[in-house]
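What follows is a single structure, and I will ask about it in a moment.
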Amino acid sequence: MTARAGVTTMLLVALPFFAASSAEASVPQAGVLPRGGAYVLSADATVATAAVGLWFRAPAAGYDNATVGIGDLAATAAAVAPLAGGKSLYALVHTVGGELNIEVYPDIVGIGAVVPAAAARRVVAGMTSAYFAPSIDDAAVKTARANAAVLSVQQRYEADTMLHDLLFEHVFAAGPARYPPLPSAVSQLTSISTSQISAYAKRAFRASNSVLTLSGNVDVSAVGAVTDGNGGGPMEPPYDSKPAGGPRSATVQGAIDGLGLAWVGPSIADERAATALDFVADYLFREQTGIVWKAVDRSGPDALIVGQFITLHDPGVMIVTIGGSGQKEVQQHVLDALDRLQQPLDAPTFSAAREAFLYHVASETQTPQQRADNFGWYTVEGDPEYAPGIPDGKYERLARALDPAYVAEVVRRYLREPAVVELVAPPSKKSAS
């Protein structure tokens with residue numbers, strides 16, 4: 001299942017830590033936090049780990065969309081700043097042998113920790129203290145800048161990440177989705193002051209703008225470990241972006257070559273159409289099993305393709321990124337496959353593809369972290385009941401109800417003319433003979 005994509009994922013990993021998988025998760029509980037915000041909990045006593053997350057509606061480029069990188073800097077600085085006891089959230093998670101992930105998207109900031117179940121309450125307390133009452137100083141900002149600078153340089157050589165950012169810039173005319181979570185120039189990070197970062201954090205990370213997600217071997221008593229907050233109040237409204245008029249194409253200079261295609265899709269409110277496009281992405285582009293993926297894999301050893309529908313509040317986006325050799329030929333493979341899908345698949349082929357899709361969804365919502373991430377994402381995007389992984393939930397029922405004619409109709413409606421971005425590296429300099 002590729003219902004969402006990490007535009008930027010920042011890992012602050014102390015030690016490798018793997019969550020056991022299980023299919024015994026309960027139907028999630030939802031409620032209100034004692035000091036503002038909401039929680040979603042999916043308990044599973046059969047595993048030894050717990051996933052704890054905080055998710056916020058917050059534009060990554062600042063509330064004016066003019067400060068690219070501020071969301072990333074704020075999220076990281078809050079994680080490494082000392083708490084009341086002198087230890088940062090990052091150090092706390094490290095101490096208990098866990099893993100801390102920070103994910104910054106154009107409209108969302110997500111913090112996630114996977115820890116031994118016995119440490120869940122301590123991590124809930126530390127995480128809510130770090131974000132609900134951020135105390136960001138110059139030292140924390142210095143660490144955040146260094147981390148962001150490394151990621152910014154690294155991403156220049158990741159065609160998939162670069163193309164995601166560029167495609168969003170060309171698909172949207174206005175709003176946070178036009179701007180990458182990290183700037184291309186590291187110098188831009190140093191121009192964002194500690195006071196700006198602190199002010200952003202206090203607005204973005206307040207309790208009333210949060211969703212606490214708990215999954216794995218944890219129960220509702222963990223909610224009582226929330227240590228800070230600022231009272232009730234509504235969450236920020238979703239930060240939607242305005243689509244550009246018609247498909248747009250561009251050629252962009254970059255460190256490596258790549259090719260990307262994107263189509264504006266349905267909002268999360270149109271659950272049936274969004275599920276259909278998840279199915280299309282799975283059927284065509286899933287690694288190892290997608291029909292286009294397999295065709296590309298046969299065509300050359302270094303040809304690469306990644307495709308996914310990204311579920312957003314309004315609108316969602318279908319993205320395909322292509323790397324390696326024969327990029328134009330791969331692009332034609334994609335367009336030809338979508339042309340064929342404008343007509344309904346035959347019943348046996350569709351039935352097999354739908355069963356495979358259901359299996360993939362189930363297999364990717366097994367671990368506590370996968371479930372916690374899904375609950376956080378879909379809640380912040382505005383439809384928590386639609387999150388994949390809920391036993392006999394809305395997503396599973398919609399997926400089972402898909403039929404060939406409807407999928408073909410959705411393909412005709414949304415996947416005709418793509419925006420296309422070609423990433424072109426400068427020619428290599430050969431030494432004179």
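The values are calculated or read from the model by the stated rules, or taken from the named source; none is laboratory data. Because the structure is predicted, anything quoted here is derived from the model rather than measured. A quick note on method: Cβ atoms are made from the backbone with ideal geometry, for glycine too, and the neighbour counts reach across all protein chains shown. Surface accessibility is based on the protein's heavy atoms, side chains included, excluding ligands, DNA and RNA. Shrake-Rupley method; radii C 1.70, N 1.55, O 1.52, S 1.80 Å.
In a GNM of the chain with a 10 Å cut-off on Cα contacts, which of Leu398, Leu214, Leu167 has the highest mean-square fluctuation?
Comparing Leu398, Leu214, Leu167 in the GNM, the peak value goes to Leu398.
Where only protein heavy atoms count, and the probe is 1.4 Å, what is the accessible area per residue for the chain in Å²?
39
Considering only protein heavy atoms, with the full assembly of protein chains and a 1.4 angstrom probe, order Glu355, Glu271 by accessible area, largest first.
Glu355, Glu271
Right, something else. Can you give me the P(r) profile for the chain? Cα pairs, bins 20 angstrom wide beginning at 0, each as a whole percent.
In order of increasing distance, the bins hold 26, 57, 16, 0 percent.
Over the chain, what percent of the accessible surface lies on carbon and sulfur atoms, probe 1.4 Å?
54
How much accessible surface does Thr251 have with a 1.4 Å probe, in Å² rounded to 10?
90
How would Arg206, Arg340, Arg371, Arg397 rank on accessible area, largest to smallest, probe 1.4 Å?
Listed by decreasing accessible area, they come as Arg340, Arg397, Arg206, Arg371.
Give me the accessible area of Thr95, 1.4 Å probe, in Å² rounded to the nearest 10.
80
Scan around Ala244 for amide H atoms under 5 Å from its own, H built in the peptide plane at 1.01 Å from N, and keep only partners 5 or more places away or cross-chain.
Phe172, Ala173
Once the Cα atoms of helix 70-80 and of the chain are each reduced to a long axis, what angle between those two axes, in degrees from 0 to 90 to the nearest 10, is obtained?
40
When the chain is treated as a GNM, springs tying every alpha-carbon pair under 10 Å, which of Ser363, Ser135, Ser193 comes out with the largest mean-square fluctuation?
It is Ser193.
Let me ask you something else. Is region 311-400 best put as rounded, prolate or oblate by its Cα gyration tensor, with a ≥ b ≥ c the root eigenvalues, rounded for a/c under 1.5, and otherwise prolate when a/b is larger than b/c, oblate when not?
prolate
Suppose each label sits 7 Å from its Cα in the direction of the beta carbon; what would the Arg412-Asp392 distance come out to in nanometres?
If labels sit at Arg412 and Asp392, their model points lie 3.6 nm apart.
Okay, next question. Which distance in Å, rounded to a whole number, links the C-alpha centroids of region 102-143 and region 314-370?
Taking the Cα centre of each part, region 102-143 and region 314-370 sit 34 Å apart.
Ratio of Rg to Rh for region 157-244, alpha carbon only, Kirkwood?
Numbers: Rg = 17.8 Å, Rh = 16.6 Å.
Checking Rg against Rh, the ratio lands at 1.07.
Relative contact order, percent, of region 138-292 when contacts are C-alpha pairs under 8 Å separated by at least 6 residues?
Over region 138-292, the number comes to 30 percent.
While we're here: Most fluctuating residue of Asp137, Asp64, Asp165 in a GNM of the chain with Cα springs under 10 Å: which is it?
Sorting by GNM fluctuation, first place goes to Asp64.
Kirkwood Rh, region 232-328, all Cα pairs: how many Å? Don't skip to the end; give the middle numbers.
Numbers: mean 1/r = 0.0655 Å⁻¹.
It is 15.3 Å.
Accessible area, 1.4 Å probe, largest first: how do Val186, Val407, Val68 sort?
The residues order as Val186, Val68, Val407, largest area first.
Another question about this same structure. Based on DSSP H runs of at least 4 residues, each adding -39500 (n - 2.57), what is the mean residue ellipticity at 222 nm of the chain after dividing by all its residues, to the nearest 500 deg cm²/dmol?
Calculated from helices alone, the mean residue ellipticity at 222 nm is -11500 deg cm²/dmol.
Pull up the cross-link candidates among the aspartates and glutamates for Lys328, meaning alpha carbon to alpha carbon under 17 Å and not fewer than 8 places away within one chain.
Cross-link targets: Asp160, Asp257, Asp297, Asp302, Asp336, Asp339, Glu417, Glu422.
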